[in-house]
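Read the structure below first, then the notes.
Read the figures in this text as sums done on the coordinates, not as results from a lab. What you are looking at is a predicted structure, and each value in this text was computed from that prediction instead of being measured. Positions of Cβ are backbone-derived with ideal geometry, glycine not excepted, and every protein chain shown enters the neighbour counts.
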Amino acid sequence: MTVNPGRTRAGQTRHFLDLDRFDTETLRRILDLGASYKRGDQPFGTAKPLSGRLLAMIFEKPSTRTRVSFEAGMKQLGGDVIVLSRGDTQLGRGETIADTARVLSRYVDAIMIRTDDPNKLLELSQYASVPVINGLTDRTHPCQVMADIMTFEEHRGSLEGKVVAWVGDGNNVAASWIQAAGHFGCEIRVACPPDLCPDAGVVAWARAQGAQVSIGHDATAAVAGAHLVLTDTWVSMGCQDTNRPALLAPFQVNEALMAKADPSALFMHCLPAHRNEEVTDAVMDGPQSVVWDEAENRLHVQKGILTWCLL
Ligand code: CP
Ligand code: NVA
């Protein structure tokens with residue numbers, strides 16, 4: 001059997017690393033594939049287009065959605081997965097990322113990694129001969145934002161001309177959203193504490209694409225008239241800063257804040273949520289919340305990512 005045919009017909013390895021590495025047409029193709037899987041279509045003419053293919057998933061941080069949605073997606077497409085947590089592998093004892101990439105490429109057809117340092121993701125992609133997928137780093141979380149875009153589109157149509165408000169920590173999910181604004185024509189307004197602003201390089205890239213990106217410190221101003229309100233945990237995985245709740249308390253998404261948004265506004269959160277910290281129960285469980293659709297769409301859009309990477 002040919003192990004890891006994981007290159008495209010054009011002979012290039014199709015990594016899914018970050019949204020700023022793509023042209024918009026390719027992201028559109030992946031989103032369309034995700035919507036197609038959700039409808040129950042077979043865009044590759046078979047229910048099992050990844051039959052015989054294996055995905056290795058390396059987790060250096062915890063996960064519920066990413067782990068289960070990738071595993072379910074691979075299995076639904078006819079493939080299978082191997083899950084590796086840091087402690088299970090020689091990575092935990094100092095084997096290099098580069099050597100791990102070379103070895104795993106001899107066994108599997110694609111590698112997904114969730115890790116802290118974005119340089120580990122890049123090193124893995126440089127040394128792997130199979131597609132590498134970013135399952136979250138401290139810098140970005142592109143699979144999540146692809147699911148968010150899919151969710152917005154299915155409820156409200158195109159993001160073009162819409163106002164997206166990010167309220168809270170200017171973290172990894174915020175960074176991928178800012179990159180998304182560089183592709184999909186939405187304005188993005190970030191409201192965060194001054195010490196927790198999003199990655200400046202990401203903001204500069206999106207602005208260079210023509211995106212309207214504002215970074216401020218007033219949640220009400222950011223949300224005024226917005227069509228989508230997003231937040232995330234105040235304390236991301238690996239963060240040791242005990243002062244976060246005090247810094248972020250003025251950025252809680254509650255009913256009073258949602259009332260400032262456009263009446264059609266949706267609420268999203270990548271989850272896991274810390275209820276009644278960054279978001280109140282009333283908003284999480286309220287009529288504007290689409291968080292469960294958002295979580296479901298991880299499955300569908302990642303099937304799009306997997307088949308784009310592998311077929
Ligand atoms: N949203 C998200 O990536 O969730 P997990 O940490 O559970 O994978
Ligand atoms: N910002 C969060 C996202 C979790 C899916 C974290 O990095 O922990």
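Mind checking the stretch 80-155 for chymotrypsin sites (Phe, Trp or Tyr not before Pro) that DSSP puts in a loop (not H, G, I, E or B) and that have at most 16 other Cβ atoms within 10 Å? Mind dumping the intermediate values first?
Working: sites: 107, 127, 152; in loops: 107.
Answer in residue order: 107.
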Here the alpha-carbon Rg of the stretch 203-311 over 2.2 N^0.38 Å rounds to 1.22
Ranked by GNM mean-square fluctuation in the chain (Cα springs under 10 Å), the top entry among 78, 201, 94 is 94
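Can you quote the Å³ per residue value for the convex hull of the Cα atoms in the chain, rounded to an integer? Don't skip to the end; give the middle numbers.
Numbers: hull volume 38.8 nm³, N = 311.
Given the Cα convex hull of the chain, per-residue volume reads 125 Å³.
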Quick calc, the stretch 151-256, dipole around Cα centre from Cβ unit charges on Lys, Arg (+) and Asp, Glu (-), nearest 20 debye, gives 160 debye
Longest principal axis of the chain (C-alpha) makes with the long axis of helix 65-76 (C-alpha) an angle, in degrees to the nearest 10, of 40 degrees
Residue by residue through the stretch 20-33, the couplings from Karplus 6.51 cos²θ - 1.76 cosθ + 1.60 with θ = phi - 60°, in Hz, x for Gly and Pro, are 6, 8, 10, 8, 4, 4, 5, 5, 4, 4, 5, 4, 5, 4
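What's the magnitude of the charge dipole for the stretch 190-311 around its Cα centre, counting Lys and Arg as +1 and Asp and Glu as -1 at the beta-carbon? Answer in Debye, nearest 20.
Charge dipole of the stretch 190-311: 320 debye, to the nearest 20.
Of the cross-linked pairs 61/303; 48/120; 162/260, which ones have a Cα-Cα span greater than 25 Å in the structure shown?
Working: 61/303 22 Å; 48/120 31 Å; 162/260 15 Å.
Going by Cα-Cα distance, 48/120 fall outside the 25 Å limit.
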Comparing 165, 208, 56 in a Gaussian network model of the chain (Cα, 10 Å), the one with the largest mean-square fluctuation is 208
Sorted by chain and then number, the residues having a modelled amide H within less than 5 Å of the amide H of residue 228, at least 5 places away or on another chain, are 163, 165, 266
Residues whose modelled amide H sits under 5 Å from the amide H of residue 112, counting only those 5 or more places away in sequence or on another chain, are 56, 57, 58, 133
Convex hull around the C-alpha positions of the stretch 97-250: the volume in Å³ per residue is 117 Å³
Toy charge model, Lys and Arg Cβ at +1, Asp and Glu Cβ at -1: the chain dipole around Cα centroid in debye, rounded to 20, equals 1120 debye
Which of 64, 100, 137 fluctuates most in a GNM of the chain (C-alpha springs under 10 Å)? That residue is 64
